[in-house]
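> Below you will find the structure I want to go over with you.
The values are calculated or read from the model by the stated rules, or taken from the named source; none is laboratory data. Predicted, not measured: the structure shown is a model, and the values here were computed from it. Positions of Cβ are generated from backbone atoms using ideal geometry, with glycine treated the same way; all protein chains shown enter the neighbour counts. For the accessible areas, the whole protein counts, side chains as well, though only heavy atoms, and no ligand, DNA or RNA atoms are used. Shrake-Rupley method; radii C 1.70, N 1.55, O 1.52, S 1.80 Å.
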Amino acid sequence: MDKKRALVTGSSRGIGKAIAVALAKDGYHVLVHCAGNLAKAEETKATIEQNGGTAEIFKADLCNTAETAALAERMGDIDILVLNASLQYREKWEDISLDRCAQQLNCNFVSSLLLIQAAVPHMKACKSGRIITIGSVQEAKPHPDMLVYSASKAAQTNMVRSLSLQLAPFGITVNNVAPGVIYTDRNIKALADPAYAEKVTNSIPVGYYGKPEDCAGIVRLLCSDAGRYITGQSIFVDGGKSVQ
């Protein structure tokens with residue numbers, strides 16, 4: 001039998017890579033996506049293949065709606081859609097430009113909508129499917145210097161809630177996973193400052209940063225038969241930060 005197919009956006013590194021590798025171990029043929037760093041995408045693909053899995057690479061800048069539409073057309077029928085790619089700029093709200101606002105909204109929200117629209121017809125035909133967005137603890141605890149990012153993630157989660165009700169009759173579950181402080185290359189520079197790192201660590205009840213694999217575990221559950229009764233949820237993987 002042909003393997004079921006999973007697209008994980010932003011899977012050349014960090015959380016996306018961990019999810020792609022985990023789903024490949026669960027038997028899915030993984031579509032590895034990158035915005036431009038093909039070398040990193042090749043590393044993800046090689047890791048998957050070293051573990052006995054199969055993968056292929058798709059390149060598209062999800063800030064660009066035309067490239068997103070092209071990816072939606074090229075990806076073909078998929079059974080799992082994990083929307084992990086995102087863009088964030090750290091800047092004071094007074095300094096946000098229209099261009100940077102549009103880039104973040106396109107990548108973090110519009111691209112998710114376009115890819116869901118493309119993926120759902122096949123899932124409906126199969127009476128089965130899993131759609132998972134990767135949000136952020138900023139949905140509950142917005143960073144003052146990332147207004148557009150936190151707002152776009154909240155919008156994405158509201159879309160999850162709406163679509164979960166509309167797609168449930170077709171056997172499709174739709175959920176959001178909201179990471180907290182995860183030690184990825186996106187955060188390495190900021191956390192290299194000892195004073196800032198101490199402040200961040202003190203804001204996490206468990207007292208330490210998460211790893212990308214901490215997010216991959218809940219995604220595996222949601223994609224499995226064990227997660228078939230979970231839909232419309234935003235699940236925080238944040239060491240308790242969202243409730244403090």
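> Let me confirm something: among V160, V174, which residue is aliphatic (A, V, I, L, M), part of a helix (DSSP H, G or I) and crowded, with 20+ Cβ neighbours inside 10 Å?
V160
> Which of the numbered conditions does T68 fail, given that it passes all the others? Conditions: (1) in contact (Cβ under 8 Å) with a residue 12 or more places away in the chain; (2) under 12 Å from L115 (Cα atoms); (3) open to solvent by 10 Å² or more (accessible area, probe 1.4 Å).
Among (1) in contact (Cβ under 8 Å) with a residue 12 or more places away in the chain; (2) under 12 Å from L115 (Cα atoms); (3) open to solvent by 10 Å² or more (accessible area, probe 1.4 Å), the lone unmet condition for T68 is (3).
> If you scan region 5-32, which residues turn out to be farther than 16 Å from G52 by Cβ, open to solvent by 20 Å² or more (accessible area, probe 1.4 Å) and out of contact with any strand residue (DSSP E or B) (no Cβ under 7 Å at 6 or more places or on another chain)?
The answer is R13, G14, K17.
> So, one more: Which one is surrounded by the fewest Cβ atoms within 10 Å (Cβ to Cβ), of the residues in region 71-112 that are under 23 Å from C126 (Cβ atoms) and of a type in the set (V, I, T)?
Among those that are under 23 Å from C126 (Cβ atoms) and of a type in the set (V, I, T), it is I78.
> Take region 217-232 and flag every residue that is buried (at least 18 other Cβ atoms within 10 Å of the Cβ) and either among the basic types (K, R) or within 22 Å of A155 (Cα to Cα) (or both).
Within region 217-232, I218, V219, L222, T231 qualify.
> Out of the residues in region 194-244 that are more than 30 Å from D79 (Cα to Cα) and among the hydroxyl-bearing types (S, T, Y), which is farthest from the chain's Cα centre (by Cα)?
Y196
> Which numbered condition in (1) modelled with pLDDT of 95 or more; (2) within 17 Å of the chain's Cα centre (by Cα) is the only one that F170 fails?
Of everything listed in (1) modelled with pLDDT of 95 or more; (2) within 17 Å of the chain's Cα centre (by Cα), F170 misses just condition (2).
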